[in-house]
1. If you go through region A:50-62 one residue at a time, do you hit one that is more than 13 Å from chain B (Cβ to nearest Cβ), open to solvent by less than 10 Å² (accessible area, probe 1.4 Å) and in contact (Cβ under 8 Å) with a residue 60 or more places away in the chain?
2. Scanning region A:122-147 for residues that are in a helix (DSSP H, G or I) and open to solvent by 60 Å² or more (accessible area, probe 1.4 Å), which turns out nearest to the other protein chains (Cβ to nearest Cβ)?
3. Would it be correct to say that B:ILE41 is open to solvent by 90 Å² or more (accessible area, probe 1.4 Å) and β-branched (Val, Ile, Thr)?
4. Out of (1) open to solvent by 30 Å² or more (accessible area, probe 1.4 Å); (2) touching a residue at least 40 places away in the same chain (Cβ under 8 Å), what's the single condition that is false for A:LYS119?
5. Would you check which residues across region A:73-98 are farther than 24 Å from A:LYS44 by Cβ and open to solvent by less than 30 Å² (accessible area, probe 1.4 Å) and list them?
6. How about region A:186-211: which of its residues are free of Cβ contacts under 8 Å to residues at least 12 places away in the same chain and of a type outside the set (Asp, Glu)?
7. Tell me which residues, restricted to region B:131-144, are at pLDDT 90 or above and either within 12 Å of B:THR55 (Cα to Cα) or more than 7 Å from chain A (Cβ to nearest Cβ) (or both).
8. For region A:33-49, give me each residue that is more than 18 Å from A:GLY216 (Cα to Cα) and surrounded by fewer than 17 Cβ atoms within 10 Å (Cβ to Cβ).
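The values are calculated or read from the model by the stated rules, or taken from the named source; none is laboratory data. Computed from a predicted structure; not experimentally measured. In this analysis, Cβ positions are derived from the backbone assuming ideal geometry, glycine residues included, and neighbour counts consider all displayed protein chains. The protein model used for the area step is the full one, side chains on, heavy atoms only, and it has no ligands, DNA or RNA in it. Shrake-Rupley method; radii C 1.70, N 1.55, O 1.52, S 1.80 Å.
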Amino acid sequence: MHSELMRVYDLTKSFGNREVLKKINMSINEGEIFALMGPSGVGKTTLFRILNLLEKPSEGKLFFRGIELTVCTMREKINARRSMSMLFQTPCVLNTTVFNNVAYGLVIRKVDKNAIREKVMNALSIVGLEGKEQQKARTLSGGEAQRMAFARAIVYDPDILLLDEPTSSLDPANVAMIEELIKRIRRELGTTIIIATHNIYQVKRIADRVGILLNGELIEVNSIGRIFEAPEDARTKAFINGEMIY
Amino acid sequence: MSSVDFLFQGIIRAFELIFSLNPYILSITGVSIKVSGTATILGTLTAIPLACAITFLNFRGRQVLITLINTGMGLPSVFVGLFIFLMIVPAGPFGFLKLYYTQEAMILAQYILITPVICGISLAAIKAVPQPVIDTVYTLGGSRKDAVIAMLREARFGLITSVLAGLGRALAEVGAILIVGGNIAYTGSIGGIGEGLSYTRSLTTAITLETSKGEISTSIALGIILISLVLSVNILANFFQRRE
(Lines give C-alpha, C1' and ligand atoms only; values in the text may rest on other atoms or scores of the structure.)
Protein backbone atom coordinates (compact mmCIF):
# COMPACT_ATOMS: atom_id res chain seq x y z
CA MET A 1 0.00 0.00 0.00
CA HIS A 2 1.50 3.34 -1.09
CA SER A 3 1.36 6.36 1.19
CA GLU A 4 -0.20 9.59 0.01
CA LEU A 5 2.32 12.15 -1.24
CA MET A 6 0.11 14.93 -2.52
CA ARG A 7 -3.53 15.82 -2.06
CA VAL A 8 -5.73 18.44 -3.68
CA TYR A 9 -9.00 19.56 -2.03
CA ASP A 10 -11.73 21.47 -3.87
CA LEU A 11 -9.15 23.29 -5.95
CA THR A 12 -10.55 26.02 -8.17
CA LYS A 13 -8.73 28.43 -10.45
CA SER A 14 -10.28 31.37 -12.25
CA PHE A 15 -8.80 33.93 -14.59
CA GLY A 16 -11.18 36.86 -14.36
CA ASN A 17 -14.66 35.45 -14.82
CA ARG A 18 -13.41 32.31 -16.54
CA GLU A 19 -13.24 29.27 -14.28
CA VAL A 20 -10.43 27.09 -15.63
CA LEU A 21 -10.41 24.46 -12.88
CA LYS A 22 -13.56 23.50 -10.98
CA LYS A 23 -13.33 21.96 -7.51
CA ILE A 24 -10.60 19.44 -8.31
CA ASN A 25 -10.15 16.67 -5.73
CA MET A 26 -7.42 14.08 -6.12
CA SER A 27 -4.57 12.42 -4.31
CA ILE A 28 -1.22 11.20 -5.62
CA ASN A 29 0.46 8.18 -4.06
CA GLU A 30 4.16 7.79 -3.51
CA GLY A 31 5.95 5.96 -6.32
CA GLU A 32 3.07 5.85 -8.80
CA ILE A 33 2.78 7.15 -12.34
CA PHE A 34 -0.40 9.16 -12.47
CA ALA A 35 -1.63 10.38 -15.84
CA LEU A 36 -3.80 13.42 -16.15
CA MET A 37 -5.58 12.92 -19.42
CA GLY A 38 -7.79 15.27 -21.34
CA PRO A 39 -7.95 17.17 -24.61
CA SER A 40 -5.93 20.33 -25.15
CA GLY A 41 -7.07 23.46 -23.34
CA VAL A 42 -8.95 21.81 -20.46
CA GLY A 43 -6.66 23.11 -17.70
CA LYS A 44 -3.98 20.42 -17.42
CA THR A 45 -1.10 22.92 -17.57
CA THR A 46 -2.83 25.26 -15.11
CA LEU A 47 -3.28 22.38 -12.66
CA PHE A 48 0.39 21.44 -13.07
CA ARG A 49 1.47 25.04 -12.46
CA ILE A 50 -0.57 25.04 -9.25
CA LEU A 51 0.88 21.70 -8.14
CA ASN A 52 4.37 23.12 -8.77
CA LEU A 53 3.46 26.34 -6.89
CA LEU A 54 3.97 28.53 -9.94
CA GLU A 55 0.35 29.68 -9.64
CA LYS A 56 -1.93 30.17 -6.66
CA PRO A 57 -5.33 28.52 -6.71
CA SER A 58 -8.35 30.81 -6.42
CA GLU A 59 -9.88 28.45 -3.88
CA GLY A 60 -9.09 25.10 -2.33
CA LYS A 61 -6.13 23.49 -0.63
CA LEU A 62 -2.98 21.72 -1.73
CA PHE A 63 -1.09 19.38 0.59
CA PHE A 64 2.38 17.95 0.02
CA ARG A 65 3.60 15.38 2.55
CA GLY A 66 0.87 16.60 4.88
CA ILE A 67 1.93 20.28 4.74
CA GLU A 68 -0.61 22.71 3.37
CA LEU A 69 1.21 24.62 0.65
CA THR A 70 -1.55 27.12 -0.03
CA VAL A 71 -0.86 28.93 3.25
CA CYS A 72 2.86 28.31 3.78
CA THR A 73 5.78 30.73 4.01
CA MET A 74 8.09 31.47 1.08
CA ARG A 75 10.83 29.30 2.64
CA GLU A 76 8.41 26.35 3.02
CA LYS A 77 7.28 26.93 -0.53
CA ILE A 78 10.86 26.82 -1.85
CA ASN A 79 11.59 23.69 0.21
CA ALA A 80 8.49 21.97 -1.16
CA ARG A 81 9.36 23.03 -4.69
CA ARG A 82 12.86 21.63 -4.22
CA SER A 83 11.27 18.20 -3.72
CA MET A 84 9.57 18.53 -7.09
CA SER A 85 10.57 19.04 -10.65
CA MET A 86 8.54 20.01 -13.68
CA LEU A 87 9.13 19.44 -17.35
CA PHE A 88 7.32 21.73 -19.78
CA GLN A 89 5.80 20.82 -23.11
CA THR A 90 8.42 22.94 -24.89
CA PRO A 91 11.79 22.52 -23.22
CA CYS A 92 13.26 25.70 -21.83
CA VAL A 93 16.94 25.99 -22.68
CA LEU A 94 19.20 28.32 -20.71
CA ASN A 95 21.69 30.15 -22.93
CA THR A 96 24.74 28.21 -21.82
CA THR A 97 26.27 24.75 -22.20
CA VAL A 98 24.39 21.47 -21.77
CA PHE A 99 26.44 20.80 -18.63
CA ASN A 100 25.51 24.13 -17.02
CA ASN A 101 21.84 23.60 -17.92
CA VAL A 102 21.72 20.21 -16.23
CA ALA A 103 23.82 21.38 -13.28
CA TYR A 104 21.60 24.40 -12.58
CA GLY A 105 19.35 22.78 -9.95
CA LEU A 106 22.40 21.45 -8.11
CA VAL A 107 24.25 24.78 -8.25
CA ILE A 108 21.39 26.66 -6.58
CA ARG A 109 21.32 23.94 -3.92
CA LYS A 110 25.01 24.66 -3.35
CA VAL A 111 26.05 21.05 -4.01
CA ASP A 112 29.80 20.35 -3.98
CA LYS A 113 31.48 20.81 -7.40
CA ASN A 114 32.76 17.23 -7.66
CA ALA A 115 29.34 15.86 -6.76
CA ILE A 116 27.75 18.15 -9.36
CA ARG A 117 30.08 16.81 -12.04
CA GLU A 118 29.34 13.22 -11.11
CA LYS A 119 25.55 13.69 -10.95
CA VAL A 120 25.39 15.69 -14.20
CA MET A 121 27.45 13.14 -16.12
CA ASN A 122 25.26 10.37 -14.73
CA ALA A 123 22.03 12.21 -15.70
CA LEU A 124 23.38 12.91 -19.20
CA SER A 125 24.26 9.26 -19.63
CA ILE A 126 20.73 8.24 -18.52
CA VAL A 127 19.17 10.44 -21.23
CA GLY A 128 21.74 9.46 -23.86
CA LEU A 129 23.48 12.81 -24.12
CA GLU A 130 26.94 11.82 -22.91
CA GLY A 131 29.67 13.62 -24.83
CA LYS A 132 27.46 16.67 -25.43
CA GLU A 133 28.11 18.36 -22.09
CA GLN A 134 30.18 21.21 -23.52
CA GLN A 135 27.85 21.82 -26.48
CA LYS A 136 25.80 25.03 -26.49
CA ALA A 137 22.35 23.92 -25.34
CA ARG A 138 20.63 26.09 -27.96
CA THR A 139 22.24 24.04 -30.72
CA LEU A 140 20.51 20.82 -29.60
CA SER A 141 17.67 19.37 -31.66
CA GLY A 142 14.12 19.43 -30.22
CA GLY A 143 14.33 15.84 -28.99
CA GLU A 144 17.80 16.37 -27.51
CA ALA A 145 16.66 19.57 -25.80
CA GLN A 146 13.73 17.74 -24.20
CA ARG A 147 16.05 14.97 -23.04
CA MET A 148 18.44 17.58 -21.64
CA ALA A 149 15.51 19.18 -19.79
CA PHE A 150 14.65 15.72 -18.51
CA ALA A 151 18.20 15.25 -17.22
CA ARG A 152 17.98 18.68 -15.55
CA ALA A 153 14.71 17.69 -13.91
CA ILE A 154 15.96 14.38 -12.47
CA VAL A 155 19.55 15.31 -11.61
CA TYR A 156 18.70 16.25 -8.02
CA ASP A 157 16.49 13.20 -7.39
CA PRO A 158 13.13 14.96 -6.86
CA ASP A 159 10.40 13.13 -4.95
CA ILE A 160 7.84 14.06 -7.55
CA LEU A 161 8.22 14.72 -11.25
CA LEU A 162 5.56 16.74 -13.11
CA LEU A 163 5.64 16.12 -16.85
CA ASP A 164 3.45 18.48 -18.85
CA GLU A 165 2.91 16.81 -22.23
CA PRO A 166 6.64 16.08 -22.52
CA THR A 167 6.39 14.16 -25.79
CA SER A 168 3.78 16.13 -27.69
CA SER A 169 6.28 17.72 -30.08
CA LEU A 170 8.70 14.82 -30.42
CA ASP A 171 9.28 12.21 -33.12
CA PRO A 172 8.40 8.56 -32.37
CA ALA A 173 12.00 7.60 -31.52
CA ASN A 174 12.30 10.36 -28.94
CA VAL A 175 8.80 9.59 -27.60
CA ALA A 176 9.84 5.97 -27.02
CA MET A 177 13.06 7.10 -25.36
CA ILE A 178 11.26 9.53 -23.00
CA GLU A 179 8.64 6.90 -22.10
CA GLU A 180 11.40 4.41 -21.34
CA LEU A 181 13.11 7.05 -19.19
CA ILE A 182 9.90 7.69 -17.25
CA LYS A 183 9.51 3.99 -16.47
CA ARG A 184 13.19 3.62 -15.61
CA ILE A 185 13.21 6.59 -13.23
CA ARG A 186 10.18 5.27 -11.37
CA ARG A 187 11.65 1.76 -11.28
CA GLU A 188 15.18 2.73 -10.20
CA LEU A 189 14.61 5.85 -8.11
CA GLY A 190 11.04 5.33 -6.96
CA THR A 191 10.14 8.83 -8.16
CA THR A 192 6.46 9.71 -8.17
CA ILE A 193 5.47 10.91 -11.63
CA ILE A 194 2.46 12.90 -12.77
CA ILE A 195 2.17 13.21 -16.51
CA ALA A 196 -0.28 15.35 -18.44
CA THR A 197 -1.13 14.02 -21.86
CA HIS A 198 -3.93 13.66 -24.38
CA ASN A 199 -2.37 10.52 -25.82
CA ILE A 200 -4.50 7.54 -24.74
CA TYR A 201 -1.94 5.01 -25.99
CA GLN A 202 0.84 6.65 -24.03
CA VAL A 203 -1.27 6.50 -20.87
CA LYS A 204 -1.88 2.80 -21.45
CA ARG A 205 1.86 2.21 -21.91
CA ILE A 206 3.19 3.94 -18.81
CA ALA A 207 0.58 4.95 -16.22
CA ASP A 208 -0.72 3.17 -13.11
CA ARG A 209 -3.73 5.42 -12.55
CA VAL A 210 -5.39 8.06 -14.63
CA GLY A 211 -7.57 11.11 -14.04
CA ILE A 212 -9.80 12.44 -16.81
CA LEU A 213 -9.99 16.22 -16.96
CA LEU A 214 -12.72 17.71 -19.11
CA ASN A 215 -13.64 21.41 -19.18
CA GLY A 216 -11.79 22.04 -15.93
CA GLU A 217 -13.55 19.24 -14.14
CA LEU A 218 -11.89 16.03 -12.97
CA ILE A 219 -14.66 13.67 -13.97
CA GLU A 220 -13.08 10.35 -13.07
CA VAL A 221 -9.96 8.98 -11.37
CA ASN A 222 -9.29 5.29 -11.66
CA SER A 223 -6.76 2.58 -12.40
CA ILE A 224 -5.73 2.03 -16.00
CA GLY A 225 -7.69 -1.22 -16.20
CA ARG A 226 -10.93 0.32 -14.87
CA ILE A 227 -10.71 3.48 -16.97
CA PHE A 228 -10.23 1.67 -20.25
CA GLU A 229 -12.36 -1.40 -19.60
CA ALA A 230 -15.17 -0.20 -17.35
CA PRO A 231 -15.28 3.61 -17.14
CA GLU A 232 -17.73 4.94 -14.55
CA ASP A 233 -18.56 8.20 -16.30
CA ALA A 234 -20.19 8.26 -19.71
CA ARG A 235 -18.00 11.23 -20.73
CA THR A 236 -14.86 9.17 -19.96
CA LYS A 237 -16.14 6.45 -22.24
CA ALA A 238 -16.90 8.96 -24.98
CA PHE A 239 -13.46 10.55 -24.65
CA ILE A 240 -11.63 7.21 -24.74
CA ASN A 241 -13.64 6.04 -27.72
CA GLY A 242 -12.84 9.27 -29.53
CA GLU A 243 -16.49 10.27 -29.73
CA MET A 244 -15.99 13.74 -28.26
CA ILE A 245 -15.35 16.63 -30.58
CA TYR A 246 -13.56 19.72 -29.18
CA MET B 1 44.34 77.75 -51.15
CA SER B 2 41.32 75.74 -52.26
CA SER B 3 38.88 74.36 -49.71
CA VAL B 4 40.03 70.81 -50.53
CA ASP B 5 43.68 71.73 -49.84
CA PHE B 6 42.59 73.47 -46.66
CA LEU B 7 40.76 70.36 -45.51
CA PHE B 8 43.58 68.04 -46.59
CA GLN B 9 46.19 70.07 -44.71
CA GLY B 10 43.89 70.15 -41.70
CA ILE B 11 43.66 66.36 -41.72
CA ILE B 12 47.44 65.93 -42.04
CA ARG B 13 48.03 68.37 -39.19
CA ALA B 14 45.35 66.56 -37.15
CA PHE B 15 47.17 63.24 -37.51
CA GLU B 16 50.44 64.96 -36.55
CA LEU B 17 48.75 66.22 -33.37
CA ILE B 18 47.37 62.78 -32.55
CA PHE B 19 50.55 60.83 -33.20
CA SER B 20 52.76 63.38 -31.43
CA LEU B 21 50.57 62.75 -28.35
CA ASN B 22 49.88 66.45 -27.96
CA PRO B 23 49.20 67.08 -24.23
CA TYR B 24 46.23 69.39 -24.92
CA ILE B 25 44.53 66.80 -27.12
CA LEU B 26 45.36 64.00 -24.68
CA SER B 27 44.01 65.92 -21.68
CA ILE B 28 40.74 66.65 -23.50
CA THR B 29 40.42 62.99 -24.47
CA GLY B 30 41.17 62.04 -20.87
CA VAL B 31 38.43 64.33 -19.53
CA SER B 32 35.92 62.92 -22.02
CA ILE B 33 36.72 59.33 -21.12
CA LYS B 34 36.74 60.06 -17.38
CA VAL B 35 33.47 62.01 -17.37
CA SER B 36 31.57 59.72 -19.75
CA GLY B 37 33.03 56.56 -18.24
CA THR B 38 32.10 57.57 -14.69
CA ALA B 39 28.61 58.65 -15.76
CA THR B 40 28.16 55.32 -17.55
CA ILE B 41 29.28 53.31 -14.52
CA LEU B 42 26.96 55.25 -12.20
CA GLY B 43 24.13 55.09 -14.73
CA THR B 44 24.57 51.32 -15.09
CA LEU B 45 24.58 50.83 -11.31
CA THR B 46 21.27 52.69 -11.14
CA ALA B 47 19.58 51.56 -14.34
CA ILE B 48 20.01 47.79 -14.26
CA PRO B 49 18.76 47.29 -10.67
CA LEU B 50 15.88 49.65 -11.54
CA ALA B 51 15.04 47.60 -14.63
CA CYS B 52 15.09 44.42 -12.47
CA ALA B 53 12.83 46.05 -9.87
CA ILE B 54 10.37 47.13 -12.55
CA THR B 55 10.32 43.62 -14.00
CA PHE B 56 10.01 41.66 -10.76
CA LEU B 57 8.17 43.93 -8.34
CA ASN B 58 4.60 45.01 -8.70
CA PHE B 59 4.63 48.37 -6.93
CA ARG B 60 2.41 51.41 -7.16
CA GLY B 61 3.63 53.90 -9.77
CA ARG B 62 5.42 51.22 -11.79
CA GLN B 63 3.71 52.26 -15.03
CA VAL B 64 4.43 55.94 -14.34
CA LEU B 65 8.09 55.06 -13.82
CA ILE B 66 8.21 53.21 -17.14
CA THR B 67 6.66 56.25 -18.85
CA LEU B 68 9.25 58.52 -17.21
CA ILE B 69 12.08 56.25 -18.36
CA ASN B 70 10.76 56.22 -21.91
CA THR B 71 10.44 60.01 -21.83
CA GLY B 72 13.93 60.30 -20.33
CA MET B 73 15.40 58.40 -23.26
CA GLY B 74 14.67 61.41 -25.46
CA LEU B 75 15.53 64.19 -23.02
CA PRO B 76 17.07 67.21 -24.78
CA SER B 77 20.58 67.55 -23.41
CA VAL B 78 20.50 71.36 -23.26
CA PHE B 79 17.40 71.17 -21.08
CA VAL B 80 19.17 68.80 -18.67
CA GLY B 81 22.19 71.13 -18.71
CA LEU B 82 20.04 74.15 -17.94
CA PHE B 83 18.19 72.33 -15.15
CA ILE B 84 21.40 71.20 -13.43
CA PHE B 85 22.97 74.61 -13.99
CA LEU B 86 20.06 76.26 -12.14
CA MET B 87 20.38 73.73 -9.32
CA ILE B 88 24.14 74.11 -8.77
CA VAL B 89 24.86 77.80 -9.40
CA PRO B 90 25.88 79.57 -6.18
CA ALA B 91 22.38 81.03 -5.80
CA GLY B 92 20.69 77.68 -6.56
CA PRO B 93 19.34 75.17 -4.04
CA PHE B 94 22.48 73.01 -4.30
CA GLY B 95 24.93 75.89 -4.71
CA PHE B 96 26.59 75.00 -1.40
CA LEU B 97 27.97 71.82 -3.02
CA LYS B 98 30.21 74.01 -5.21
CA LEU B 99 29.71 71.81 -8.26
CA TYR B 100 29.45 74.76 -10.63
CA TYR B 101 31.87 74.34 -13.59
CA THR B 102 33.37 71.07 -12.35
CA GLN B 103 33.83 67.62 -13.84
CA GLU B 104 31.43 66.33 -11.16
CA ALA B 105 28.68 68.55 -12.59
CA MET B 106 29.43 67.17 -16.07
CA ILE B 107 29.21 63.62 -14.71
CA LEU B 108 25.89 64.46 -13.05
CA ALA B 109 24.48 65.89 -16.29
CA GLN B 110 25.54 62.86 -18.32
CA TYR B 111 24.29 60.53 -15.59
CA ILE B 112 20.82 62.08 -15.82
CA LEU B 113 20.90 61.87 -19.62
CA ILE B 114 22.07 58.29 -20.00
CA THR B 115 20.46 56.50 -17.05
CA PRO B 116 17.03 56.37 -18.78
CA VAL B 117 18.73 55.17 -21.98
CA ILE B 118 20.50 52.31 -20.19
CA CYS B 119 17.37 51.52 -18.16
CA GLY B 120 15.03 51.56 -21.16
CA ILE B 121 17.21 49.26 -23.27
CA SER B 122 17.89 46.99 -20.24
CA LEU B 123 14.18 46.75 -19.61
CA ALA B 124 13.58 45.68 -23.21
CA ALA B 125 16.41 43.13 -22.96
CA ILE B 126 15.06 41.71 -19.70
CA LYS B 127 11.49 41.59 -21.01
CA ALA B 128 12.77 39.67 -24.03
CA VAL B 129 13.84 36.82 -21.73
CA PRO B 130 11.08 34.22 -22.17
CA GLN B 131 8.82 33.64 -19.14
CA PRO B 132 9.59 29.87 -19.23
CA VAL B 133 13.17 30.71 -18.21
CA ILE B 134 11.88 32.26 -14.97
CA ASP B 135 9.40 29.39 -14.51
CA THR B 136 12.20 26.87 -15.03
CA VAL B 137 14.33 28.52 -12.33
CA TYR B 138 11.40 28.37 -9.87
CA THR B 139 10.58 24.83 -10.95
CA LEU B 140 14.14 23.71 -10.25
CA GLY B 141 13.85 25.11 -6.73
CA GLY B 142 15.27 28.59 -7.26
CA SER B 143 14.35 31.62 -5.18
CA ARG B 144 13.40 35.03 -6.55
CA LYS B 145 17.08 36.02 -6.26
CA ASP B 146 18.07 33.00 -8.37
CA ALA B 147 15.43 34.00 -10.92
CA VAL B 148 16.83 37.56 -11.12
CA ILE B 149 20.38 36.23 -11.57
CA ALA B 150 19.26 33.77 -14.24
CA MET B 151 17.31 36.48 -16.03
CA LEU B 152 20.31 38.85 -16.02
CA ARG B 153 22.50 36.05 -17.32
CA GLU B 154 20.06 35.32 -20.14
CA ALA B 155 19.79 39.02 -21.00
CA ARG B 156 23.52 39.66 -20.66
CA PHE B 157 24.21 40.60 -24.27
CA GLY B 158 21.27 43.01 -24.32
CA LEU B 159 22.44 44.52 -21.05
CA ILE B 160 25.96 45.03 -22.39
CA THR B 161 24.43 46.69 -25.45
CA SER B 162 22.44 49.03 -23.19
CA VAL B 163 25.58 50.07 -21.32
CA LEU B 164 27.43 50.68 -24.58
CA ALA B 165 24.50 52.70 -25.92
CA GLY B 166 24.67 54.85 -22.78
CA LEU B 167 28.43 55.28 -23.15
CA GLY B 168 28.00 56.20 -26.81
CA ARG B 169 25.42 58.84 -25.97
CA ALA B 170 27.59 60.22 -23.15
CA LEU B 171 30.67 60.50 -25.36
CA ALA B 172 28.77 62.28 -28.11
CA GLU B 173 26.88 64.64 -25.80
CA VAL B 174 27.72 68.34 -25.93
CA GLY B 175 24.90 70.64 -24.79
CA ALA B 176 24.56 69.73 -21.12
CA ILE B 177 28.26 69.49 -20.31
CA LEU B 178 28.96 72.74 -22.08
CA ILE B 179 26.45 74.52 -19.82
CA VAL B 180 27.42 72.89 -16.50
CA GLY B 181 31.14 72.33 -17.17
CA GLY B 182 31.97 75.65 -18.77
CA ASN B 183 34.43 74.18 -21.33
CA ILE B 184 37.42 75.21 -19.20
CA ALA B 185 41.10 74.58 -19.88
CA TYR B 186 43.96 75.85 -17.74
CA THR B 187 45.66 78.93 -19.15
CA GLY B 188 49.01 78.71 -20.88
CA SER B 189 49.86 77.34 -24.25
CA ILE B 190 51.52 73.95 -24.76
CA GLY B 191 53.46 73.53 -27.99
CA GLY B 192 51.57 76.47 -29.47
CA ILE B 193 48.34 74.50 -29.49
CA GLY B 194 45.25 75.11 -27.38
CA GLU B 195 45.19 76.78 -24.04
CA GLY B 196 47.00 74.33 -21.76
CA LEU B 197 45.43 71.25 -20.22
CA SER B 198 41.73 70.56 -20.07
CA TYR B 199 39.80 70.85 -16.84
CA THR B 200 36.19 70.58 -18.00
CA ARG B 201 36.83 70.61 -21.73
CA SER B 202 35.67 67.44 -23.43
CA LEU B 203 36.11 66.29 -27.03
CA THR B 204 32.71 67.61 -28.07
CA THR B 205 32.89 70.98 -26.30
CA ALA B 206 36.48 71.47 -27.48
CA ILE B 207 35.43 70.88 -31.11
CA THR B 208 32.83 73.66 -30.87
CA LEU B 209 35.38 76.04 -29.37
CA GLU B 210 38.31 75.23 -31.68
CA THR B 211 36.08 75.45 -34.75
CA SER B 212 34.80 78.85 -33.69
CA LYS B 213 38.43 79.96 -33.22
CA GLY B 214 39.36 78.71 -36.69
CA GLU B 215 41.68 75.99 -35.32
CA ILE B 216 40.41 73.52 -37.90
CA SER B 217 43.26 71.01 -37.62
CA THR B 218 42.75 70.78 -33.84
CA SER B 219 39.01 70.32 -34.40
CA ILE B 220 39.62 67.59 -36.96
CA ALA B 221 42.07 65.83 -34.61
CA LEU B 222 39.52 65.92 -31.81
CA GLY B 223 36.79 64.79 -34.22
CA ILE B 224 38.86 61.82 -35.39
CA ILE B 225 39.42 60.74 -31.77
CA LEU B 226 35.74 61.23 -30.92
CA ILE B 227 34.56 59.27 -33.93
CA SER B 228 37.08 56.52 -33.19
CA LEU B 229 35.81 56.22 -29.63
CA VAL B 230 32.13 56.22 -30.62
CA LEU B 231 32.82 53.82 -33.48
CA SER B 232 34.67 51.44 -31.15
CA VAL B 233 31.72 51.51 -28.76
CA ASN B 234 29.30 50.81 -31.61
CA ILE B 235 31.42 47.99 -33.00
CA LEU B 236 31.41 46.43 -29.53
CA ALA B 237 27.63 46.92 -29.26
CA ASN B 238 27.11 45.28 -32.67
CA PHE B 239 29.36 42.41 -31.64
CA PHE B 240 27.23 41.71 -28.56
CA GLN B 241 23.99 42.16 -30.50
CA ARG B 242 25.17 39.55 -32.99
CA ARG B 243 26.05 37.16 -30.17
CA GLU B 244 22.55 37.64 -28.77
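1. Scanning region A:50-62, I find no residue that is more than 13 Å from chain B (Cβ to nearest Cβ), open to solvent by less than 10 Å² (accessible area, probe 1.4 Å) and in contact (Cβ under 8 Å) with a residue 60 or more places away in the chain, so the answer is no.
2. Initially, region A:122-147 is screened for residues in a helix (DSSP H, G or I), giving A:122-126, A:137-139, A:142-147.
Now narrow it down to the ones that are open to solvent by 60 Å² or more (accessible area, probe 1.4 Å): A:122, A:138-139.
On the way: A:ASN122: 17, A:ARG138: 11, A:THR139: 14 Å.
Checking each candidate, the answer is A:ARG138.
3. Criteria met by B:ILE41.
4. (2)
5. Within region A:73-98, the subset farther than 24 Å from A:LYS44 by Cβ is A:73-76, A:78-79, A:94-98.
A:ILE78, A:LEU94, A:ASN95, A:THR97, A:VAL98 - these are the residues of region A:73-98 that are farther than 24 Å from A:LYS44 by Cβ and open to solvent by less than 30 Å² (accessible area, probe 1.4 Å).
6. Looking only at region A:186-211, we keep the residues that are free of Cβ contacts under 8 Å to residues at least 12 places away in the same chain, and these are A:187-188, A:201.
Answer for region A:186-211, where residues must be free of Cβ contacts under 8 Å to residues at least 12 places away in the same chain and of a type outside the set (Asp, Glu): A:ARG187, A:TYR201.
7. Once the filter is applied, which keeps residues that are at pLDDT 90 or above and either within 12 Å of B:THR55 (Cα to Cα) or more than 7 Å from chain A (Cβ to nearest Cβ) (or both), region B:131-144 yields B:ILE134, B:VAL137.
8. If the condition is that a residue be more than 18 Å from A:GLY216 (Cα to Cα) and surrounded by fewer than 17 Cβ atoms within 10 Å (Cβ to Cβ), then no residue fits.
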